[in-house]
Every structure is written in C-alpha cells, then in structure tokens.
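Undergrad: A single structure is presented below for examination.
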Amino acid sequence: MSTANRLFEPFTLGGQKLANRMVLPPLTRSRATDEGLATDLMADYYRQRSGAGLIIAEGTVVLPQATAYPRVPGLYNAAQVEAWKPVVAAAKHDGNAMYCQLWHVGRQSHSTVQPDGLPPKAPSPVPITGFKYRSPDGPVAYETPREMSEADIQEAATAFGAAARNAMIAGFDGVELHGANGYLIEQFLDDGINRRTDSYGGSIENRMRFLREVLSAVFDHVPPHRVGVRLSPSSTWMDAIDSDKRRLFGTVINRLNEFGLAYLHLVEPGIAGSSSAEVSAEAIPTADLAALFDGPVIVTGGHTPETADAVIENGTADLVGFGRLFIANPDLPRRFALGAPFGDVRKRGLYGGTAEGYTDYPELSAAEL
Ligand SMILES: Cc1cc2nc3c(=O)[nH]c(=O)nc-3n(C[C@H](O)[C@H](O)[C@H](O)COP(=O)(O)O)c2cc1C
C-alpha cells in the first residue's frame, strides 16, 4: 500500500457518493468526429479510467463557433447528445460521478475553423501575441478578434445553459464551466484582455457579469450543487494577463460562495495550459484561494500520490486531479494502491489520431499485481 491513504477515502459531492478522491480532470484528446460527435473509442477511453471517483469529461463546446480545434466534441445539437449517451454509460458505475466540462474558446479560435470564416469573437479586439495558433499546417499568428456585441454575449451565455441541459440528458451528473486557461470566461475576467467600457468591463463585478450570466443560464437546467467552476488563477498562458490576479480571483471565489456550487476546481501554479512551467514570482498559493471557498475544492497540476495526500491532509483540497498520469496509466488508482510504477505519456496521439496513444496504454499485468 502506498502512502496515499487519504486519496482512497470516499467523498460526497453534490449528494453523490464517490468511492475515492481521485479525479480524471478534463483532457482534450480530439477523438470525436468532425461533427463533434462522441465516439466508441471515447467510450473505451473513459471506461478504462473509470476508477477515478470523479471523471470530468474533456472540454466540450457549446456552439459551433466555440471551438478552436478539429474533432472536439460538442453538446449543442441532438445528435451530439445521443453520441455522448453510450460514452457516459460506459464510464459511470456505482462509486463514481461524471461531469462534462463546457467550453467556449473565444479569441483562442481562428477564422479557419469559424463557421463564417471570419476571425473569432471575444470581449475585446485584443489578439494573443505571445503564442501561436496550432493550425493543421503548423503554427500561425492569432488574429485580432471581433468584439462581441451584447447579443453575442447573450447567445454565448444561453448556449452554456442549453449545453448544460443537454449534458444532463446525455446522462452526465453535472457540468464544469471552463473558466481557466484564458478561454472565453477568463477573457471576460482579466483586465489585460477585457477592455470593454460597457457593463461587462471595468470593475471586477462588471468583468464577472458574463460568468454570472453563464451560471444563471446553467442553473435554469442544472441545480447549483451539480455545477463546478474551473479557474487557473496563476496562469498567464495564452496572454491571460490581469493587473492584480490575487484581487481578481480572490473576489471571484468569494462571489462564487453565493451559489452553493458542487465544487471549485483550481489549476495549480506551475501549469501552463497542458504543460508544466516555472512557478512565477506572482503565483498565488493554491491554499490561499482554496481557503476562500466554502464548498469542495479540487486541485490539479503536477500532483503525485504523496503531494495529493498532503493537500487533502492539510485541508487545502478535498479531491485531486491527475491529468498526464491518468493519460498514461488508465488503472492509476490501482497503481497508487499498490505503489506500482507509472508509465510515461507519449507525444504521439496526445491530440487526435486513433487508438494509438489513447486507449493503448497498458494496465498492470497479472504478474505485476
Ligand atoms: C492532452 C491534454 C489536454 C488537456 N485538455 C484540457 C481541457 O480540455 N480542459 C482543461 O481545463 N484542461 C485541459 N488540460 C489541462 C489538464 O486538465 C491539467 O490541468 C494539466 O494537465 C495539469 O495536470 P497534470 O500535471 O496532472 O497533468 C489538458 C492537458 C493535457 C495534457
């Protein structure tokens, strides 16, 4: 038995009993169809990783224009709802829960994947300059986004609500709003991105208005105790710049206490999108932010069984996500329990492709058990 004993304690989340405190965090793997339909291959993948007490399905787009990359699943039409059903059924069992991460990329998209062929829309016409868009032909510059009108903002918020309703129809137990990694929700929050002078820009309360409207649209279909929010307060990945992140995210988290959410999901400092990075001098300790939240806290980013155990033990978090470790080790909870070694992530097949690099990571063999 490894030292990670606290991870194996059950936990009640949104009224559901989870057999353990391990989370499969949202991981974009680009194995849906070109129409955003979940596939049988995805059912295999999630079933393999269903030992996690909580599965948060990969970023799933709420509108055709909400996407940045091909073969990302959606939840904005009936066919997509039907396609998710067998995937959710394959992954769920007595002892786990499955939430769906709802996603709108805003300015991180590109005209080549926009339905109208024009640059994407975002809170303000401020382009990403420090990063490149990964096009099928290689990296290209991000475009200056078009500024969202009030009607565009309403459309986006309503789409989150409709996708949340669709997620419940598909069998998910709840939804997670993707407020991290510089995507649309965070584009409204950060004052380095949001330069609006209307009621969606300026003060923190105004910059939070979009998140509030998304939450309100989602609550029309899903009770708050089945809705989580993901934030990456210390990340500047994709030019997610704010003049005072500690004040911004401290305020946002305080305000989130109003709702009685399922959980707050914090990405640890030292994570830039999907990679590990230097912890910057401005990083905000996760424990400081977690302490502001009244409900369950999930933390993800660079954790091992030992560090996960420590953050549960010291009260920072209730649940811990393991991203890259779960990609490479489908039977991760068993490996933790046995203190068995971990396999490494392969680059090939990480984003898109076939079963290779997706469902072909081995489980421990009988001899290793
Ligand atoms: C292949 C890959 C895809 C990812 N896709 C998403 C995503 O769809 N949504 C999201 O919020 N984070 C995404 N992430 C970030 C992870 O959820 C997680 O925060 C990150 O991998 C750090 O955790 P780890 O150190 O345990 O891997 C992705 C990471 C990887 C490696």
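Undergrad: Examine the stretch 52-62 for a residue that is at pLDDT 95 or above, touching a helix residue (DSSP H, G or I) at 6+ places or on another chain (Cβ under 8 Å) and open to solvent by 10 Å² or more (accessible area, probe 1.4 Å), and state whether such a residue exists.
TA: No, every residue in the stretch 52-62 fails to be at pLDDT 95 or above, touching a helix residue (DSSP H, G or I) at 6+ places or on another chain (Cβ under 8 Å) and open to solvent by 10 Å² or more (accessible area, probe 1.4 Å).
Undergrad: So is TRP84 touching an Asp or Glu at 6+ places or on another chain (Cβ under 9 Å) and within 16 Å of the ligand (Cβ to nearest atom) or not?
TA: When the stated conditions are applied, TRP84 does not pass them.
Undergrad: For residues that are more than 16 Å from the ligand (Cβ to nearest atom) and among the basic types (Lys, Arg), scanning just the stretch 217-254, find the one that is least open to solvent (accessible area, probe 1.4 Å).
TA: Here the answer is LYS245.
Undergrad: Quick one: PHE210 ticks every box in (1) open to solvent by less than 50 Å² (accessible area, probe 1.4 Å); (2) out of contact with any helix residue (DSSP H, G or I) (no Cβ under 6 Å at 6 or more places or on another chain) bar one, so which box is it?
TA: The number of the failed condition is (2).
Undergrad: Which of the residues that make up the stretch 313-330 are closer than 22 Å to LEU13 by Cα and open to solvent by 10 Å² or more (accessible area, probe 1.4 Å)?
TA: Across the stretch 313-330, the qualifying residues are GLU313, ASN314, GLY315, THR316, ASP318, GLY323.
Undergrad: Here are the criteria: (1) touching a residue at least 60 places away in the same chain (Cβ under 8 Å); (2) touching a helix residue (DSSP H, G or I) at 6+ places or on another chain (Cβ under 9 Å); (3) of a type in the set (Val, Ile, Thr). Tell me which single one ILE327 does not satisfy.
TA: (2)
Undergrad: Checking the condition of a type in the set (Gly, Ala, Ser) and closer than 24 Å to LEU319 by Cβ, which residue from GLY201, GLY270 passes?
TA: Criteria check complete, one pass: GLY270.
Undergrad: Can you find even one residue in the stretch 284-296 that is open to solvent by 80 Å² or more (accessible area, probe 1.4 Å) and in contact (Cβ under 8 Å) with a residue 40 or more places away in the chain?
TA: Among the residues of the stretch 284-296, not one is open to solvent by 80 Å² or more (accessible area, probe 1.4 Å) and in contact (Cβ under 8 Å) with a residue 40 or more places away in the chain, which makes the answer no.
Undergrad: Moving on. Just for strands (runs of 3 or more DSSP E) wholly inside the stretch 87-187: which have at least 3 residues that are within 16 Å of the ligand (Cβ to nearest atom)?
TA: Because the criterion is at least 3 residues that are within 16 Å of the ligand (Cβ to nearest atom), the strands (runs of 3 or more DSSP E) in the stretch 87-187 that meet it are 97-103, 174-178.
Undergrad: Follow-up question, since we're still on this one. Looking only at the stretch 37-63, which residues are in contact with a Gly (Cβ under 8 Å, 6 or more places away or on another chain), part of a loop (DSSP other than H, G, I, E, B) and within 14 Å of the ligand (Cβ to nearest atom)?
TA: Result: VAL62, single match.
Undergrad: Okay, next question. Among what's in the stretch 172-203 and is in contact with a Phe, Trp or Tyr (Cβ under 7 Å, 6 or more places away or on another chain) and either at pLDDT below 95 or small (Gly, Ala, Ser) (or both), pick the residue that is surrounded by the most Cβ atoms within 10 Å (Cβ to Cβ).
TA: GLY174
Undergrad: Could you list all residues from the stretch 222-242 that are assigned to a loop (DSSP other than H, G, I, E, B) and either of a type in the set (Val, Ile, Thr) or over 15 Å from the mean Cα position of the chain (by Cα) (or both)?
TA: VAL222, PRO223, SER234, THR236, MET238, ASP239, ALA240, ILE241, ASP242
Undergrad: Right, another one. The conditions are (1) touching a His at 6+ places or on another chain (Cβ under 7 Å); (2) open to solvent by less than 10 Å² (accessible area, probe 1.4 Å); (3) more than 16 Å from the ligand (Cβ to nearest atom), and ALA66 fails exactly one of them. Which is it?
TA: Here ALA66 clears every test but (3).
Undergrad: How about the stretch 99-145: which of its residues are aliphatic (A, V, I, L, M) and either touching a strand residue (DSSP E or B) at 6+ places or on another chain (Cβ under 8 Å) or open to solvent by 20 Å² or more (accessible area, probe 1.4 Å) (or both)?
TA: LEU102, VAL105, VAL113, LEU118, ALA122, VAL126, VAL140, ALA141
Undergrad: Given the conditions (1) open to solvent by 40 Å² or more (accessible area, probe 1.4 Å); (2) of a type in the set (S, T, N, Q); (3) within 21 Å of GLY179 (Cα to Cα), report the number of the one that GLN48 does not fulfil.
TA: GLN48 satisfies all of (1) open to solvent by 40 Å² or more (accessible area, probe 1.4 Å); (2) of a type in the set (S, T, N, Q); (3) within 21 Å of GLY179 (Cα to Cα) except (3).
Undergrad: Quick one: which of ALA310, ALA328 is under 23 Å from SER232 (Cβ atoms) and within 13 Å of the ligand (Cβ to nearest atom)?
TA: ALA328
Undergrad: Next question, about the same structure. Looking at the stretch 331-346 only, could you name the residues that are surrounded by 17 or more Cβ atoms within 10 Å (Cβ to Cβ) and of a type in the set (Phe, Trp, Tyr)?
TA: PHE336, the sole residue that qualifies.
Undergrad: Moving on. Please enumerate the residues belonging to the stretch 265-288 that are assigned to a helix (DSSP H, G or I) and away from the ligand (no atom under 15 Å from the Cβ).
TA: Of everything in the stretch 265-288, those that are assigned to a helix (DSSP H, G or I) and away from the ligand (no atom under 15 Å from the Cβ) turn out to be ALA287, ASP288.
Undergrad: Taking the stretch 347-369 as the region of interest, how many residues are open to solvent by 30 Å² or more (accessible area, probe 1.4 Å) and more than 18 Å from MET42 (Cα to Cα)?
TA: Total meeting the criteria: 6.
The values are calculated or read from the model by the stated rules, or taken from the named source; none is laboratory data. Since we're looking at a predicted model, the values are computed, not measured. Neighbour counts run over all protein chains shown; Cβ positions are idealised from the backbone, glycine included. The area values use the complete protein model at the heavy-atom level, side chains included, leaving out ligands, DNA and RNA. Shrake-Rupley method; radii C 1.70, N 1.55, O 1.52, S 1.80 Å.
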